[in-house]
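Working notes, beginning with the structure itself.
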Amino acid sequence: MATIISGKELSAELKAEMARQVAEFPAEYGRVPHLAVILVGDNPASVSYVTGKAKAAAEVGIRNTTIRRPADIAEAELLALIAELNADAAVDGILVQLPLPKHIDENKVIAAIDKSKDVDGFHPLNVASLWQKQPCVLPCTPKGIMKMLERAGVEVAGKRAVVIGRSNIVGLPVAKLLLDANATVTIAHSRTANLAEVTRGAEILVVAIGRPKFVTADMVAEGAVVIDVGVNRDPESGKLCGDVDFAAVEPKASVLTPVPGGVGPMTITCLMENTIECFLAKAERR
Ligand code: GUN
């Protein structure tokens with residue numbers, strides 16, 4: 001029987017703490033942090049994420065501006081919008097919701113965001129800082145995962161950790177954070193040979209492969225800590241489900257995160273934290 005870490009509950013606690021902190025800002029700094037979110041097109045998943053971000057900002061007392069642009073926006077126009085937000089002293093954080101339409105170069109867009117306003121932690125200079133162990137904005141999902149492990153009292157140092165997935169957003173940065181926490185880290189992926197054998201060796205298993213119920217009981221060691229980053233539709237029930245077959249893995253794992261209500265809310269909560277961090281860093285530079 002696994003202990004289930006509720007990202008929803010932990011998020012509620014962290015947001016309440018941040019709301020108390022932000023309530024003091026007008027007296028101290030004359031205003032509250034301001035997050036600008038750019039949404040291109042109307043991909044339903046992206047619309048839902050952006051709505052969730054606006055809701056969390058309202059809960060914390062962060063000012064949120066969501067800027068919507070049509071899917072056929074020219075790349076140059078999007079870059080010009082980012083330049084405008086970079087130059088706006090009243091904007092502390094800029095987030096461009098991904099994925100972007102095919103005709104837009106995502107890397108170019110990410111690199112156009114001022115590093116000090118990059119609340120996603122995706123800018124190449126933030127990524128470089130992470131890999132060089134320099135102060136940086138941490139990407140939200142990996143940061144949220146580390147907070148969940150900490151909350152569950154999981155000792156990471158010295159453990160064998162396996163990350164399934166090698167994306168820039170989750171797999172690579174979470175592997176680096178686990179490494180920095182002194183785990184012995186393996187990055188596995190869809191082309192890993194004998195994947196089940198590799199994952200069975202994991203004391204901590206982070207799954208970010210984007211396939212519904214991909215991790216089955218035979219892939220998990222007895223007593224493993226399992227973090228499920230997936231957000232998928234179950235092809236059978238149509239319901240939201242993770243990358244882990246929750247019902248099958250739950251009896252074997254010692255700690256498990258649910259979907260929904262696990263990593264997802266923590267990602268959004270860490271975005272709020274990053275917005276506050278960028279705001280405070282800016283206030284200190286003055
Ligand atoms: N799309 C999916 N996850 C993310 C994220 O963390 N940030 C942004 N900007 N887009 C995403």
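The values are calculated or read from the model by the stated rules, or taken from the named source; none is laboratory data. Just so we're clear, the structure is a prediction, and the values are computed from it rather than from any experiment. Neighbour counts are summed over all protein chains in view; Cβ atoms, including those assigned to glycine, are modelled from backbone coordinates with ideal geometry. SASA here: full protein model, heavy atoms, side chains in, ligands and nucleic acids out. Shrake-Rupley method; radii C 1.70, N 1.55, O 1.52, S 1.80 Å.
Numbers below:
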{"item": "Residue ID - farthest from Glu222 (Cα to Cα), chosen from residues in the stretch 256-282 that are small (Gly, Ala, Ser) and open to solvent by less than 30 Å² (accessible area, probe 1.4 Å)", "result": "Gly261"}
{"item": "Candidate set: the stretch 125-145, residues that are away from the ligand (no atom under 15 Å from the Cβ) and part of a helix (DSSP H, G or I); chosen: the one least open to solvent (accessible area, probe 1.4 Å)", "result": "Ser129"}
{"item": "Number of the condition not met by Ala253 [criteria: (1) in contact with a Gly (Cβ under 9 Å, 6 or more places away or on another chain); (2) farther than 23 Å from Pro139 by Cα; (3) open to solvent by 20 Å² or more (accessible area, probe 1.4 Å)]", "result": "(3)"}
{"item": "The stretch 93-107: number of residues that are within 16 Å of the ligand (Cβ to nearest atom) and assigned to a loop (DSSP other than H, G, I, E, B)", "result": "8"}
{"item": "Filter result for Val50 (assigned to a helix (DSSP H, G or I), within 15 Å of the ligand (Cβ to nearest atom), open to solvent by less than 60 Å² (accessible area, probe 1.4 Å) and in contact with a strand residue (DSSP E or B) (Cβ under 7 Å, 6 or more places away or on another chain))", "result": "yes"}
{"item": "Any hit, the stretch 108-118, residues being of a type outside the set (A, V, I, L, M, F, W, C), open to solvent by less than 30 Å² (accessible area, probe 1.4 Å) and touching a residue at least 12 places away in the same chain (Cβ under 8 Å)", "result": "yes"}
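To keep it simple, each residue is scored yes or no on (1) within 16 Å of the ligand (Cβ to nearest atom); (2) part of a helix (DSSP H, G or I).
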{"residue": "Ala12", "(1), (2)": "no, yes"}
{"residue": "Lys15", "(1), (2)": "no, yes"}
{"residue": "Arg20", "(1), (2)": "no, yes"}
{"residue": "Ala27", "(1), (2)": "no, yes"}
{"residue": "Ala45", "(1), (2)": "yes, yes"}
{"residue": "Ala58", "(1), (2)": "no, yes"}
{"residue": "Thr65", "(1), (2)": "yes, no"}
